[in-house]
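Input: a single structure, listed below in structure tokens.
Each reported figure results from applying straightforward, stated rules to the coordinates on display, with no laboratory input. As the structure is a computational prediction, the values presented were derived from the model and not from experiment. Here the Cβ positions follow ideal geometry from the backbone for every residue, glycine too, while neighbour counts run over all protein chains shown.
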Amino acid sequence: GNSVTQMEGPVTLSEEAFLTINCTYTATGYPSLFWYVQYPGEGLQLLLKATKADDKGSNKGFEATYRKETTSFHLEKGSVQVSDSAVYFCALIPTGAGSYQLTFGKGTKLSVIP
Amino acid sequence: DSGVTQTPKHLITATGQRVTLRCSPRSGDLSVYWYQQSLDQGLQFLIQYYNGEERAKGNILERFSAQQFPDLHSELNLSSLELGDSALYFCASSVRPAVVETQYFGPGTRLLVL
């Protein structure tokens with residue numbers, strides 16, 4: 001079946017540090033890949049997405065590149081801020097899915113300290 | 001604010017009881033998705049509706065049911081509640097079921113079964 005594996009958290013970084021959150025997936029064909037972010041007490045928000053191999057999604061300084069050869073979609077940011085503290089979810093929608101439901105990883109909690 | 005509303009925000013009930021969670025999608029969105037977020041299972045897709053019709057089912061228990069009404073709001077009914085049903089239930093909506101259409105999440109309903 002389809003699945004997403006994320007690095008275990010929590011991750012604690014100092015402000016302006018470099019962030020990487022690893023994400024790998026298992027799916028047939030060419031799934032579409034997503035990063036969602038959940039701020040405390042809120043619902044999930046789409047952060048970025050990529051729908052085909054070698055695509056780079058980017059938003060608010062975050063980036064992730066769809067790597068078919070390594071089945072990965074790692075999230076990166078060059079300089080994190082305290083306001084980036086949240087839980088980050090990697091997710092996929094498989095190719096040819098009739099319903100387009102998201103399959104999520106377990107989430108990675110990020111805490112950024114001043 | 002995603003434009004998706006969910007009520008109630010919090011719900012505390014007892015085992016064996018039945019509850020109804022309500023979701024109003026963003027204006028213009030025809031597709032509604034329900035997800036469950038629990039500590040042990042993570043975020044899981046439950047069920048999807050598109051323009052009033054059930055489109056797909058995920059890991060939804062037989063004790064759970066849902067429907068989408070002509071005004072496009074949706075309700076998730078949970079019956080014979082068990083302790084393990086305690087979770088955060090999210091509704092998401094999109095214009096239509098398609099990868100290119102972003103799923104917008106509501107703030108969730110937190111259910112506690114005692």
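Some notes on this structure:
- Whole-percent pair-distance distribution, where bins are 10 Å wide, for the alpha carbons of segment A:1-107: 15, 50, 28, 6, 0
- Averaged over B:92-102, number of beta-carbon atoms from partner chains that fall within 10 Å: 3
- Taking a point 7 Å out from the Cα of A:Asp55 in the direction of its Cβ, the residues of segment B:73-114 whose backbone N falls within less than 20 Å of it are B:93-105.
- The mean number of partner chain beta-carbon atoms within 10 angstrom of a residue's beta-carbon across peptide B:41-47 is 5.
- Computed over the protein assembly as shown, the convex hull of the alpha-carbon atoms projects to a mean area of 12.1 nm².
- Debye intensity ratio I(q)/I(0), log10, segment A:57-114, q values 0.15, 0.18, 0.23 Å⁻¹ (C-alpha model): -0.56, -0.77, -1.08
- Share, in percent, of DSSP beta bridges within the protein assembly as shown that are antiparallel, nearest 5: 90 percent
- Residues A:Tyr39, B:Tyr49, B:Tyr33 arranged by fewest to most Cβ contacts within 10 Å: A:Tyr39, B:Tyr49, B:Tyr33
- Its alpha carbons give segment A:1-61 an Rg and a Dmax of 13.4, 38 Å.
- For chain B, the relative contact order comes to 37 percent (Cα pairs under 8 Å, sequence separation of at least 6).
- Calculated on alpha-carbon atoms, Rg and Dmax of segment B:65-114 in Å: 13.3, 40
- By the count of neighbouring beta-carbon atoms within 10 Å, fewest first, A:Asp55, B:Asp40, B:Asp85, B:Asp1 end up ordered B:Asp40, B:Asp1, A:Asp55, B:Asp85.
- Each semi-axis of the equivalent ellipsoid for chain B is √(5λ) with λ an eigenvalue of the Cα gyration tensor; in descending order they amount to 23, 13, 13 Å.
- Loop-located trypsin sites (Lys or Arg not before Pro) in segment B:13-114 (DSSP state other than H, G, I, E, B) with a sparse environment of at most 12 neighbouring Cβ atoms within 10 Å: B:Arg18.
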